[in-house]
Amino acid sequence: MSRANRMKKRYKTPSDLRRDHRNFTSHLAGDREVSFDNFDKENIGQYVAGVESNNDSIVIKRPKGRLTFNSNLLTAGQIKFSNHELSGNVRNQIARRLFNKAYAPKSYDEEHPGYESAPEGKTKIHKSAHGSWSGFNQAKEVYDAVYNILENFRASKKSAKHFNRPKILKDHLKDIAKAQGYGYETNLEYTEVDDGKEWYNLDRLQFDVDWNELRQWVYSNLKLKDIKNPVIESIVKRHKSILMNASDSLNNISPIHAALTVALDFEMSAQDSFGNGIGGPIVCGKKSIVKTTAKEDEDSEYGHDIYTQKSLNHDVSEEDLEDLATEIMESGVQEYQKGINERLGKQGLSQITIDPNDDNKFEDVRKQIENLKNIEKMNVLCTGGIAENEGIISLTNSIDLSSIHLDESLDRANQGIGSRGYKLTRRAWELPTFGNINVFKKHPPTSADLITLIDGSGSMGYLRSETEGQTYRRHTYPLQQAGDMVMAIRKRFPDSRSFVFGDYPRTTKYEDNRQDAALYEIKDNQFPKYPASGTPLCGSLKALEKEFVLDHARIVIATDGDANWCKTGDPYECVYNILTSWRNKGVRIATLFTPNYEGQTMPKSLHGDVTISAEAGMPIDSLQIKQVFNFIKG
Amino acid sequence: MHIKFNPVRERKHVNRFTTEGENIIKWLGMAKPYLSILMGLAGCGKTQAVEEYIRRNNLTAKHVACHPGLEASDLTGGVLPKVADDGTPQIQYLDGPYTIAAKNGYTMVLDEITRLNQPIIGKIMSSLDETRLLTNPESGEDTIKIHPDFHVIATANPPAAGYNTVNLDEALKSRAMIYKYIDKPLCDEKETLMDILGGDAKYVLAFMNWAEDLRTDASTAISTRDLCYLAKMVGRGFTAMEAIELNYKDKVTDDKKGIVLTGASAHFES
């Protein structure tokens, strides 16, 4: 068998291919969430495989069934090379800036205190934008459509180059050429502002847009003279140069800039058009719509008029448009850059400066950001240590532990996980020669065989006093459940160590050495008092790492939720990464999930070997204890 | 043709460093004789940079690879059996590599210092600050005079990043004139791979792009060392896919194997 043939069949089934490619694409997406939207095969042509970014989410659109390797790599590359985070920033800025340029009517402000007031002197825009940024959905929709077209084209070229597979681009171009308008036609609607009318009588202005025509023009499959949709025709005529540059550019900011410019022009022209005859010319109007194309909505019993607008008036000057687009771009880039630089600073890495006009430098910045994300996962900044408690309360069990017997043979077997025996050091020869008995050392792993860690955050509740416990038994707090489990474990495994984790004591004693998390030891039946805390789990895990040799240790973590405080950045990621590295070292982890209420979501960052769930409000039972013991025994 | 690239033959290569790597080599010399610690991921070129510093400056060096089972006597010296001149067995104190380096002004390279036990750190602590004293009561010398050229350079993998390491003692960190986290390869990977793969630029680019994809996430990030191994394997007749299956696939967790191989197939197969 030739080598080429041997290597040929890597994926034997379509499901393998789908799973591995899905994982590969998610891997390239890094910490961005990606979802998959599979369309039916009969709709191929009406939709094309590609990435659609909108409303802060990234969706990979592709046909159902097995795809070609290249088609999968196309979307993987589109994910890799796009800067959807920056695009999201800019997208949100559109609404913010347009809102400030427009208005919220005084009466609306009075009715809805807390909304941002309109700048003085601004007047009304379309109804849907009243007093809220979310009213600019039309502008966002235009932005999304244009951005996705331009970015998919640019990124498909990058994908083909990155994987050294020209066929990726060739196939993509074929797919686009076959695409029809159906899946990409939208109807954008604006509602007039007229306080004298009821909502159902308000006139509407509609734009029917066939985005596929814009896509075909961008991909050079359609000439300007052949474009039928007047809105697209007017967009292409006005923004020809910026659209062409965006699809040719190497950096991923150009498509954002182009989409932004088109969206702003569309929105402001539409607003201005509709301003005529209602509230007078508004934002920056020069001329307005003449309502000659009005038609009555035949389906409506209210008789309001719908104006189907054939084209944009483009009555905003190019200079004004460019100024606003530049202002929003700069603001979006600055905000993004600031966020990245803060994270770089935390890791002691050099800062970035994004220059949208410098293609070469841009690639370096992209790699630097990828590197940052990598470093963040490796370099945990959270710290912790064992601290003195602020007092002691008696830990009494609220369940009957008499059925738990100390089975020594089982316990001895369990010690096997860490070797309890004493080991001779290499100075053993001193024993017969000098009679030096100080030649033994304990094998390090035994010092951390079994550790229980209890979340000390406020949501875990508190331990009921003996008196309260007797008179009020209707509800058991998560902390009591965890405390009962600790008592059960300590009865069976007296050598085990148990801690509550929380914030560091606020006493002056620790002023110079206050860390992000503290461990308070539970000794015998003495439960420590500690300051009110959040859930600094990552710091607590680092404290364990510092205080014990964790190799082969077994750790039970009792909590009612994910970590919520973290110096590194994302507590979820941080805990997840620490536990991954522990598991690679042979540490075994069990989660005792003690929910606050029925149906509470389980903490996902604690991806241990086993999760034991207690019932909300109920004492732990023998089955849960048995499950924990089974985990400990391995 | 399923395999994208034509076979290449492995060529000998010299270490080529990035600007950052060259700076590290320069800075080590400037920090002498104070403690320098280079932290970084396995295989990023820390030790190579230290060795290059020693080579370029014609220094004599003692090396110790630190591990959890290492004892103070292995490093600074201890009472050990020795065959005397008359052939009889004797028990006598022998200097360890650290003490030898300290007395003679050598460079002491402590590789993987985060794997070293705390008792040993305590033992050498005073020799690393400005007092530069090495106390060794076991030898009968009590305080050893440290040579002015004695220079300790340590390398380490970061704690809690999948390595069997411990946190560095804060007091030890404070003694370091250079305490640098290496966040990118010190080796100029592209140039080095060009050397190994006989100047086949397309093959090199495929390796670099594949490595970039893997480095999107720490759990699959490939080290410079592994990247060079893969190139060498290709130069010895393995296909890139075979090399990756043999060298790298099983170094990542089960759930990441598919990512490694899908990426490899994307870059190295047509």
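Each of B:39, B:125, B:241 was scored by other Cβ atoms within 10 Å of its Cβ. Listed from fewest to most, they are B:125, B:241, B:39. Distance between the modelled labels on residue A:386 and residue A:602, one decimal in nanometres: 3.2 nm (7 Å Cα→Cβ projection). Of B:51, B:245, B:130, the residue with the greatest mean-square motion in the GNM of chain B, using alpha carbon springs below 10 Å, is B:130.
Placing a label point 7 Å from the Cα of residue A:223 along the Cα-to-Cβ line, the residues of segment A:137-179 whose backbone N sits under 19 Å from it are A:177. Using Cα-only point scatterers and the Debye equation, what is log10 of I(q)/I(0) for chain B at each q in 0.07 Å⁻¹, rounded to two decimals? For chain B, the Cα-only Debye profile gives -0.33.
Across peptide B:252-261, the average count of Cβ atoms from other chains found within 10 Å of a residue's Cβ is 3. Measuring nothing but how far apart in sequence close Cα pairs (under 8 Å, 6+ apart) lie, relative to its length, segment A:15-96 scores a relative contact order of 30 percent. With both residues required to sit in chain B, DSSP beta bridges show an antiparallel share near 40%. For segment B:107-118, the Karplus equation 6.51 cos²θ - 1.76 cosθ + 1.60, evaluated at θ = phi - 60°, returns couplings of 8, 9, 9, 9, 7, 6, 5, 6, 9, 7, 6, 4 Hz by residue, with Gly and Pro reported as x. Using a simple spin-label model with pseudo-atoms 7 Å out from Cα toward Cβ, residue A:364 and residue A:19 lie 4.3 nm apart.
Most tightly packed first, judged by the mean number of other beta-carbon atoms within 10 Å of their residues, the peptides B:53-64, B:256-267, B:197-208 read B:256-267, B:197-208, B:53-64. Packing order of peptides A:83-89, A:209-215, A:147-153, highest average first: A:147-153, A:209-215, A:83-89 (average count of other Cβ atoms within 10 Å over each peptide's residues). Taking neighbour counts of Cβ atoms within 10 Å as a proxy for exposure, in what order, fewest first, do B:83, A:610 appear? Ascending Cβ contact count within 10 Å gives the list B:83, A:610. Averaged over the residues of A:154-165, the number of partner chain Cβ atoms lying within 10 Å of the residue Cβ comes to 3. Label-to-label distance for residue A:240 and residue B:253 is 5.5 nm, based on points extended 7 Å past Cα in the beta-carbon direction. For the residue pairs A:64/A:161; A:542/B:82; A:491/A:542; A:170/B:12; A:64/A:567; B:12/B:145, the alpha carbons lie more than 32 Å apart in A:542/B:82; A:170/B:12; A:64/A:567; B:12/B:145. Annotation note: trypsin sites (Lys or Arg not before Pro) in segment A:474-569 located in DSSP loop regions with a Cβ neighbour count of at most 15 within 10 Å are A:474, A:506, A:529.
Which entries in A:523/B:173; A:157/A:178; B:32/B:173 show an alpha-carbon gap greater than 22 Å? Display every interim value, and only then the final one.
Values: A:523/B:173 33 Å; A:157/A:178 18 Å; B:32/B:173 16 Å.
Distance filter (> 22 Å) returns A:523/B:173.
Taking other Cβ within 10 Å of each residue's Cβ, how do A:520, A:510 sort, fewest first?
Values: A:520 24, A:510 15.
With the sparsest Cβ surroundings first, the list reads A:510, A:520.
Run the numbers for residue A:508 and residue A:609: contour at 0.36 nm per residue of separation, minus the present Cα-Cα distance, in nm.
In short, 32.4 nm is gained.
Determine the shielding of peptide B:67-74 by partner chains: average, over its residues, the number of Cβ atoms on other chains within 10 angstrom of each Cβ.
Working: counts 0, 3, 3, 0, 4, 0, 3, 1.
Per residue, the number of nearby Cβ atoms from other chains is 2 on average.
Quick note: the coordinates plus some simple rules give every number you see, no bench work behind them. Just so you know, these numbers come straight off a predicted model, no measurement behind them. All Cβ positions, even for glycine, are placed from backbone atoms using ideal geometry, and neighbour counts span all protein chains on display.
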